[in-house]
Amino acid sequence: MTTQTREYFAPGSVDDALRVLSERPHAHLLAGGTDLLNDLRHGLIEPGDVVDLAGVAELGGLDEAPDGVRIGATVTMRELLAAPLGDRLRALREAADLLGGRQIQAAATVGGNLCQGSPAAEVATALLAHGALVDVAGPRGRRTMPVAELFAGPRRTTLAPEEILVAIRVGVADAGWSSAYRRIDLRRSVDIAIVSASAALDIDAGVVRSARVAVGAARPVPFLVPEAAAALEGVAVGDEAALAAATGRAAEAARSASSPITDVRAGAEYRRAMVGVVVERAVRAAVEEGR
Amino acid sequence: MTTTQDTIHETAAQGWVGRGIPQVDIEAKLRGQTEYIGDLRLPNMAHAAIVRSTVAHGRIRGIDTSRAERVPGVLAVATAADAPEVKFGPYTPDWEILARHKVRFIGDEVAAVAAIDEPTARYAASLVEVDVEELPAVFDPFAALAEGGPVIWDEYADNVSTLFTIERGDTRAAFDAADLVVDDVYATSRMYHAYLEPIGVIAHYVDGVHVLHVPSHIPYRARQTYSAALGLPLDKVRLVVPPIGGSFGAKYEMNTPLIAALLSRKAGVPVRILFGRDEDAAYHRPRPPFVFRNRIAVRADGTFLGRETDVVGIAGARTYWSPATVATAVHRPDSLYNFNAMTGRGRLVYTNESPTTAMRGFGNAEALFGIEQMIDEIAERLDIDPVEMRRRNIVQEGETSLHGWYISSSQLPACIERVSEMSGFADRRRARPPATAGERVGKLRGTGIALGHHVSGYRPILPDYDGSSAILRLGPDGSIQLYVGEPDVGQGHVTVMAQLAADELGVAPAEVKVQGIDSAFSPAAVGTLASRAATMAGMATVAAGADARRKLIAFATEQWGVPEAAVSWQAGTLTDTTGANEPFTLRQALHRYGVVNCGLPLLATGVHHPKTVMPDATKYGNASAAYPFAAHVAEVEVDCDTGQISVVGYWAAHDSGTVLNPQTARGQVLGGIAQGLGWALMEDVIMSEGVVRNPNFLDYRIPGAGDMPAGVEVEFVDAYEPNGPRGAKSLGEVALNPVVAAIANAIYNATGLRCKDLPISPERMWRYLHLGEPVESSSAGAIR
């Protein structure tokens, strides 16, 4: 089918965009378009009004501020990868680098990947592990919430139809953390995750002080596994036996927390087993990075 | 090497043949200027949409097109009522332009709409009401073979579309004498051709002639099919072949061009049908899945004594090329290895699924997937080196194989030697594969070898004739046009034909314009299939070049009034060796020829009759002009935690005779390896209840750059084929044939697990590694 739209809006500010949405709450928000246009073309969503966010300056830009890193919702994967982040947000950058191919990365946005609501969304587990917050604008003003509260289920978020995701923020407290993103896929070129995981570790003097572990594509939403994090906390990363045991416990916790589905890509049994593998690999990679 | 061959190699080195020049049409392709079917526009062209069956099997009670016809912008709606009541097909008359009494698979074409644009056509198509009385459907070939199940065609009550049997020698005695008998079942998967260019056609009914613009790789045969289906004489159907964006065997569409033809006649304007990728991936005609049971009888020294094979292939609901594919799967391996005696049976079975068709490798690649693994198993059990095992049993140059196929050239022993050296096979290969689950941990590497062969044309394709013909038109303006009937499907035949003609005429390849195919002026031809185009059209081109030279010399003789022996031809220049006349360059000669003959171009023709014979009633006889060979080695790394398999090294040594163009040849081999890698590890059209569940490139995965090993090594051994142009023979299919087996043998070497079903996906491998599932084909129980 050809792509059909009813009306096209190009607001210049968040307020303008909110005004359009207040009148047309079911309008589609267009950021990179890599999901939206496909969904329209394949009839997964109804054609409707489109609000193009490209002209909204506040939604763009990636800034390092005293209180952390702010990533505008329409920052593309390539912009993210080109940003001078040094060692910071490694899991997020690894996720962005695995998302789609070069062309997709040039268009796809961080906010779009989150708001599509895919359980397999690359940036989702990374941002969970980074302890990110999201800024949301709506008719009743602005609010901020942990990224975990954004996901509601496959293709669903907790945002109201007239709300817009403005930015993602990662606190300065995360600055010294090491992190990694890993996914299990079926080929080495463009693919989406069978399952994925991100691990972020605050390693101080060789000991994991604090940890976050997130898993993707193993439940209706990407999710944090606090038990996995707890298993890692207090472990001396130089003690291979202790690290192996802790990583194994984290993997087991993640497997237990998973309730994967069987679909054309993989069976539930394989997915569940791979959750353990991918969590171990993400943790190991984060430890390596933190050394 | 003989002296003759050395002489020819020298000549080749001086000419254009043997040089890796870029494809002559590559710049236009890279710039996006090549006009494929999707780029063509005819004045007033309408767009069509097909109404497809949504049930797998049912009786059509009625079709109501009235609502569709009332949609503004609709120009015509066609149903079976608009088509002659004939059934047609390349092997079995089970094709209709549009389904008439029954629908037999989900996607079966029932009606079609032509409208002023595509959305209108699609909308109107959605309003066509098809009243179907649903019947029980069957999707499993063994269920279809069982008695009392659904019958798809009344004429074939057992659901067997084709039965192929063959017997050679005393197989029973061979098995009685055997020291070892291996008996195993292997199954291959349904594969999508995944060409760049989806199916498309423009039909234009003008002055009582159906002009069909179809990117067909078998235009002459397609024209026969289409004229028969339309109930018209051959000259009332004209086929024009635009550039083809990949085929791999798929671009001989049985009914889409005919649907467009019906609509064009009815609407009075040209009509285009152009599949999007989603429609193409959901309703294409895939590679038929096969189940093979093979028994091989061996003597303790590793000599093969006999072979029994039983093959079941899926036709889908109508019969395409699959009968020939089944025949190939049953008996072609006998010209790679000398099995000494064989008995074979192949059954092609109807199911309520999209018809399957030819794909690169054509049953042979499928058969070798099992046989090449069984040879490794035999070697292991007899404690013989797998390379030595193969060397001992291959059919050699100068031999006539079991079914009468004469191997006029084979450098396969050299291929085996070179690929072993290139890959360091003996050192790289794991001495003993892991034997227990405890040994299967971490990342395991393994190396495997497999051989492959194929044909260079196949006599039975077209009953009328084998071979090829070519026309050279040398204009008074100096232009050179070459007409052959074998289309380039993207592999570079236009370039090698230009190289061959250029050498004959003493010009550069860029000066030879190889014309697109149009049945109005191109020679009729068997087509580009069975790896035949370079060999057959190449020979015809060389013959046409020689004819042009003869005619030019005769013309100069006449013009100069000297004895013919006094006229010399060298590098495109005619010289009077008596010195009485100024020499003619080719351009001057052609100008002069035109002046003398009132504008007539010099027309030269070439006909090539290959030394092939139609196999007899027992399927005995040399069916192909020449046989190409290859030896491949793959190295894999298996991640035991995830089951993921990476091909980390790949080496290929080929005997394709003289290599006409090393660059395009290397491209063919790399493409074959990539396609085989995809088939081995990831490609699979997943069907349930007759529906394709992965009709897109996200879930039908083909390998990307990241999946190919870095630094694939390809080598062509020094070889010469007496029956091919300048010593060349085929390459297209043999490039794929060993790949899947080489990878599977490497996986066994890495893990000690023999994978007998395709694809060897991470999940499947993980199950073998972790759940202790029997590593036996899931079809083993059904065929035994």
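Taking residue B:104 as the residue in question, decide whether it is open to solvent by 30 Å² or more (accessible area, probe 1.4 Å), at negative phi and among the charged types (D, E, K, R).
no
Could you tell me whether segment B:321-338 includes any residue that is of a type in the set (A, V, I, L, M) and in a strand (DSSP E or B)?
No, every residue in segment B:321-338 fails to be of a type in the set (A, V, I, L, M) and in a strand (DSSP E or B).
Scan the helices (runs of 4 or more DSSP H) fully inside segment A:1-91 and keep the ones with 3 or more residues being within 14 Å of chain B (Cβ to nearest Cβ).
A:36-41
Kindly indicate whether any position in segment A:31-44 is β-branched (Val, Ile, Thr) and within 21 Å of residue A:143 (Cβ to Cβ).
no
Here are the criteria: (1) away from chain B (no Cβ under 14 Å); (2) in contact (Cβ under 8 Å) with a residue 40 or more places away in the chain; (3) closer than 16 Å to residue A:278 by Cα. Tell me which single one residue A:229 does not satisfy.
(2)
Checking the structure you have, find out if any residue of segment A:169-178 is part of a strand (DSSP E or B) and aromatic (Phe, Trp, Tyr).
no
Take residue B:698 and tell me if it is open to solvent by 20 Å² or more (accessible area, probe 1.4 Å), within 14 Å of chain A (Cβ to nearest Cβ) and either of a type in the set (A, V, I, L, M, F, W, C) or within 23 Å of the chain's Cα centre (by Cα) (or both).
Considered against the rule, which asks whether it is open to solvent by 20 Å² or more (accessible area, probe 1.4 Å), within 14 Å of chain A (Cβ to nearest Cβ) and either of a type in the set (A, V, I, L, M, F, W, C) or within 23 Å of the chain's Cα centre (by Cα) (or both), residue B:698 comes out as yes.
Given the options B:750, B:741, name the one that is open to solvent by less than 10 Å² (accessible area, probe 1.4 Å) and either within 14 Å of chain A (Cβ to nearest Cβ) or in contact with a Lys or Arg (Cβ under 8 Å, 6 or more places away or on another chain) (or both).
Checking each option against the conditions leaves just B:750.
Among the residues of segment B:23-52, what is the count of those that are among the small types (Gly, Ala, Ser) and more than 29 Å from the chain's Cα centre (by Cα)?
Matching residues across segment B:23-52 total 1.
Which residues, counting only those in segment A:263-286, are among the hydrophobic types (A, V, I, L, M, F, W, C), assigned to a helix (DSSP H, G or I) and over 21 Å from the mean Cα position of the chain (by Cα)?
Selection gives A:268, A:273.
Please verify whether residue B:250 is more than 14 Å from chain A (Cβ to nearest Cβ) and farther than 28 Å from residue B:682 by Cβ, treating the condition exactly as stated.
Answer is no for this residue.
Conditions tested, residue by residue: (1) at pLDDT below 95; (2) more than 25 Å from the chain's Cα centre (by Cα); (3) open to solvent by less than 10 Å² (accessible area, probe 1.4 Å).
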{"residue": "B:342", "(1), (2), (3)": "no, yes, yes"}
{"residue": "B:368", "(1), (2), (3)": "no, no, yes"}
{"residue": "B:377", "(1), (2), (3)": "no, yes, no"}
{"residue": "B:409", "(1), (2), (3)": "no, no, yes"}
{"residue": "B:417", "(1), (2), (3)": "no, yes, no"}
{"residue": "B:437", "(1), (2), (3)": "yes, yes, no"}
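For the structure I just gave you, tell me whether residue A:213 is within 24 Å of residue A:89 (Cβ to Cβ), open to solvent by less than 20 Å² (accessible area, probe 1.4 Å) and not in a helix (DSSP H, G or I).
When the stated conditions are applied, residue A:213 passes them.
May I ask you to say which residue of A:223, A:151 is among the aromatic types (Phe, Trp, Tyr), modelled with pLDDT of 95 or more and more than 23 Å from residue A:27 (Cα to Cα)?
A:223
Just to be sure, is residue A:157 β-branched (Val, Ile, Thr) and open to solvent by 10 Å² or more (accessible area, probe 1.4 Å)?
It is true that residue A:157 is β-branched (Val, Ile, Thr) and open to solvent by 10 Å² or more (accessible area, probe 1.4 Å).
Restricting to segment A:255-291, give me the number of residues that are under 15 Å from residue A:179 (Cβ atoms) and within 8 Å of chain B (Cβ to nearest Cβ).
The qualifying residues number 0.
Condition check ((1) surrounded by fewer than 23 Cβ atoms within 10 Å (Cβ to Cβ); (2) hydrophobic (A, V, I, L, M, F, W, C); (3) at pLDDT below 95) across all residues:
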| residue | (1), (2), (3) |
| --- | --- |
| A:39 | yes, no, yes |
| A:53 | no, yes, no |
| A:68 | yes, no, yes |
| A:84 | yes, no, yes |
| A:91 | no, yes, no |
| A:109 | no, no, no |
| A:120 | yes, yes, no |
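Taking into account only those residues within segment B:113-139 that are more than 14 Å from chain A (Cβ to nearest Cβ) and in contact with a helix residue (DSSP H, G or I) (Cβ under 8 Å, 6 or more places away or on another chain), which is farthest from residue B:59 (Cα to Cα)?
Only one residue tops the list, namely B:114.
Hey, among the residues in segment B:379-407 that are touching a Leu at 6+ places or on another chain (Cβ under 8 Å) and basic (Lys, Arg), which one's surrounded by the fewest Cβ atoms within 10 Å (Cβ to Cβ)?
B:381
Please work out if residue A:190 is within 19 Å of the chain's Cα centre (by Cα), away from chain B (no Cβ under 14 Å) and not small (Gly, Ala, Ser).
Taking the combined requirement at face value, the residue does not satisfy it.
Can you report the number of residues in segment A:92-146 which are in a strand (DSSP E or B) and either polar (S, T, N, Q) or over 14 Å from the mean Cα position of the chain (by Cα) (or both)?
Selection size over segment A:92-146: 10.
Kindly check whether there is at least one residue in segment B:663-678 that is more than 14 Å from chain A (Cβ to nearest Cβ), basic (Lys, Arg) and surrounded by fewer than 23 Cβ atoms within 10 Å (Cβ to Cβ).
Yes.
Going by what's in this entry, would residue B:126 be described as open to solvent by less than 20 Å² (accessible area, probe 1.4 Å) and not hydrophobic (A, V, I, L, M, F, W, C)?
Criteria not met by residue B:126.
If you scan segment B:680-695, which residues turn out to be open to solvent by 50 Å² or more (accessible area, probe 1.4 Å) and at the interface with chain A (Cβ under 9 Å from one of its Cβ atoms)?
Selection gives B:686, B:693.
Please count how many residues of segment B:129-155 are part of a helix (DSSP H, G or I) and open to solvent by 40 Å² or more (accessible area, probe 1.4 Å).
Of the residues in that region, 2 qualify.
Does residue B:639 qualify as being modelled with pLDDT of 95 or more, closer than 30 Å to residue B:326 by Cβ and out of contact with any His (no Cβ under 7 Å at 6 or more places or on another chain)?
Taking the combined requirement at face value, the residue does not satisfy it.
Does segment B:701-717 hold any residues that are open to solvent by 50 Å² or more (accessible area, probe 1.4 Å) and at the interface with chain A (Cβ under 8 Å from one of its Cβ atoms), and which are they?
Matches in segment B:701-717: B:705 only.
Take the residues in segment B:639-662 that are within 14 Å of chain A (Cβ to nearest Cβ) and either among the hydrophobic types (A, V, I, L, M, F, W, C) or touching a Pro at 6+ places or on another chain (Cβ under 6 Å) (or both), then tell me which one is surrounded by the most Cβ atoms within 10 Å (Cβ to Cβ).
B:645
Restricting attention to segment A:193-210, and to residues there that are surrounded by 20 or more Cβ atoms within 10 Å (Cβ to Cβ) and part of a loop (DSSP other than H, G, I, E, B), which single residue is farthest from the other protein chains (Cβ to nearest Cβ)?
Step by step, filter segment A:193-210, then rank; the result is A:193.
The values are calculated or read from the model by the stated rules, or taken from the named source; none is laboratory data. What you see is a predicted model, and the numbers here were worked out from it, not measured in a lab. Counting neighbours? That spans all protein chains shown, and the Cβs are built from the backbone with ideal geometry, glycine included. Calculation scope for accessible area: heavy atoms of the full protein, side chains included, ligands and nucleic acids excluded. Shrake-Rupley method; radii C 1.70, N 1.55, O 1.52, S 1.80 Å.
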